[in-house]
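**Student:** Here you go, one structure.
The values are calculated or read from the model by the stated rules, or taken from the named source; none is laboratory data. Everything numeric in this text was worked out from a predicted model, so none of it was measured. Reconstructed Cβ throughout: ideal geometry from the backbone, glycine too, with neighbour counts over all protein chains shown. Heavy atoms of the whole protein, side chains included, go into the accessibility calculation; ligands, DNA and RNA do not. Shrake-Rupley method; radii C 1.70, N 1.55, O 1.52, S 1.80 Å.
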Amino acid sequence: LAQSLLALFASSLAISLVFAIIPLCHDVVLLAVVMAVAGLAMGCIDTISNMQLVKIYQKDSAIFLQALHFFVGFGALLSPLIADPFLSDTNCILANGTANASSNLPHIRKSLVPHHPGNLSHYDLPMKGMVVTRVSYAFWIMALINLPVPIAVFFLLYKERMVPCFNSSSHPLLSADELALETRPGDKDEPSAAAQRPHTAAAGHEDLFSCCQSKNFQGASFTYFAVHITGALVLFMTDGIVGEYSGFVYSYAVEEPLAVVHKVAGYLPSLFWGFITLGRLISIPVSYRMKPATMVFINVVGVLITFLLLLIFSSSVVFLFVGTASLGLFLSSTFPSMLAYTEDILQYKGCATTVLVTGAGIGEMVLQLLVGSIIHDRGSYSFLVCGMIFGCLAFTFYALLVFFHRMYPKPSPELDEASPDKAAVPEDTGQYQR
């Protein structure tokens, strides 16, 4: 826990520093390096926060994961609103041809749709002159908004005496959390062992990186690996859909046959993220009543049906807005529900969280590149076809996950009660030794 909190402190502080530095980057290579650091920091926060919630709350983690991802969606919805007042309606560089270029901005935006790159030659954009943009303030405001996060994490570390310069021992951060104790009945028998756990982790890397040790895979059945892989592939597809849909729905809307006005089309990504946030808020109480497996099933089926209807009513602007809202709603709780489901299968070891978060991140990156290149070659209609294909693949991988779940050996209840860490497992279960 101490290592995780230190990593969260360093990563959240790095994000504030990166946002403060971005406006000062006047070289694209330097900007790329700074953005890479921000990506690493965000990846650390994403993985550690999900993993620790799963480890602490175990069977009750679904509710807390839904709450966590509600705030992820809320941030994605809020940050463009903060930046919007500082964005220029005209070109950011003043030059002799600025007036003409500004009047052509709607046409330039339309020409930026990937499969019409040749039209750009009709418009001259000034590249030299006085910069008039105020977008730097948006980055600095975001850096200040984020700053209380590392301060709060450091205060937590200091209060619990987990800062490396303090050697005195203390109780674990959540030792008095009744919910955490209820979800780990074995820990009630040995509270002293639980109290020592965070500080044992600080002494070495055994707990934080235990999933990466080859000895832990000895004796693991193929279903153990299959659950990890199929779960990661479901999130590869669903998170990839989130990335590609939010990235290309504007370009799809402004093209024929829809030809939506640019300002109206600009509301589509906001609508999408708004319903993702709303869906995650709704999922917090729903996850208390519904099993994660059922929620994931509803999500993937809903995504599939929505894309099918979007294809059928592809010429309807109204249904594009309805479909965008529906898609955001169904995709909203897929990530946290899948984490809770797979960790439930694998007895809350924490390893699945890392694999799933990585799979989701790769999907969000790869599918955007793939869809962008396909739209460039095949036109805007392929945007919906790609979404339909990814939805079908997500459903297929989910069906395989359910199949492997049924094959996965259940742990012995006697050993569950005897050992808080569930380390000793009979040879015929096929589970690995922790």
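**Student:** Report the net charge of residues surrounding Ala360, where surrounding means a beta-carbon distance below 14 angstrom and charges are Lys +1, Arg +1, Asp -1, Glu -1.
**Tutor:** Combined, the nearby Lys, Arg, Asp and Glu give -4.
**Student:** What part of the accessible area of the range 222-410, given as a whole %, is carbon or sulfur when the probe is 1.4 angstrom?
**Tutor:** Exposed carbon and sulfur together represent 73 percent of the surface.
**Student:** Quick one: length gained pulling Arg378 to Phe313 fully straight, 0.36 nm per residue minus the C-alpha distance?
**Tutor:** Roughly 21.5 nm would be gained on extension.
**Student:** Find how much the distance from Ile82 to Met35 grows on full extension, using 0.36 nm per residue of separation minus their present alpha carbon separation; answer in nm with one decimal.
**Tutor:** Taking 0.36 nm per residue and subtracting the Cα distance, the gain is 15.0 nm.
**Student:** To the nearest 20 Debye, how big is the dipole of the range 222-410 about its Cα centre, given +1 on the beta carbon of each Lys and Arg and -1 on that of each Asp and Glu?
**Tutor:** 560
**Student:** To the nearest 10 Å², what's Asp46's accessible area with a 1.4 Å probe?
**Tutor:** 50
**Student:** Here's a follow-up. Sorted by accessible area with a 1.4 angstrom probe, largest first, how do Glu256, Glu364, Glu160, Glu343 fall?
**Tutor:** From most exposed to least exposed: Glu256, Glu364, Glu160, Glu343.
**Student:** Further question on the same structure: Mind jotting down the distance between the C-alpha centroids of the range 248-272 and the range 45-71, whole Å?
**Tutor:** Here the answer is 34 Å between Cα centres.
**Student:** Continuing with this model, one more query. How high is the relative contact order of the range 222-410, in percent, counting Cα pairs under 8 Å that sit 6 or more residues apart?
**Tutor:** Relative contact order, the range 222-410: 44 percent.
**Student:** Rounded to the nearest 10 Å², what accessible area does Cys25 have for a 1.4 Å probe in the complete protein model?
**Tutor:** 20
**Student:** Next question. Go through Lys55, Lys410, Lys159 and list them by solvent-accessible area, largest first, probe radius 1.4 Å.
**Tutor:** Result of the area sort, largest leading: Lys410, Lys159, Lys55.
**Student:** Let me ask something else about it. Just reorder Leu384, Leu81 by solvent-accessible area, largest first, 1.4 Å probe, all chains present.
**Tutor:** Leu81, Leu384
**Student:** Oh, and also: Which residue, Tyr288, Ile374, Leu401, has the largest displacement toward the positive end of the dipole of the range 222-410 when charges sit on each Cβ (Lys, Arg +1; Asp, Glu -1)?
**Tutor:** The Cα lying farthest towards the positive end belongs to Tyr288.
**Student:** Compute, for Met162, the solvent-accessible surface of its heavy atoms (probe 1.4 Å) with the complete set of protein chains present, and express it in square angstrom to the nearest 10.
**Tutor:** Here the residue's solvent-accessible area equals roughly 10 Å².
**Student:** Right, another one. If you plug each phi of the range 366-376 into the Karplus form 6.51 cos²θ - 1.76 cosθ + 1.60 with θ = phi - 60°, what whole-Hz ³J(HN,Hα) values come out, in order, with x for Gly and Pro?
**Tutor:** Here the 3J(HN,Hα) series is 5, 5, 5, 5, 5, 5, x, 5, 5, 4, 4 Hz.
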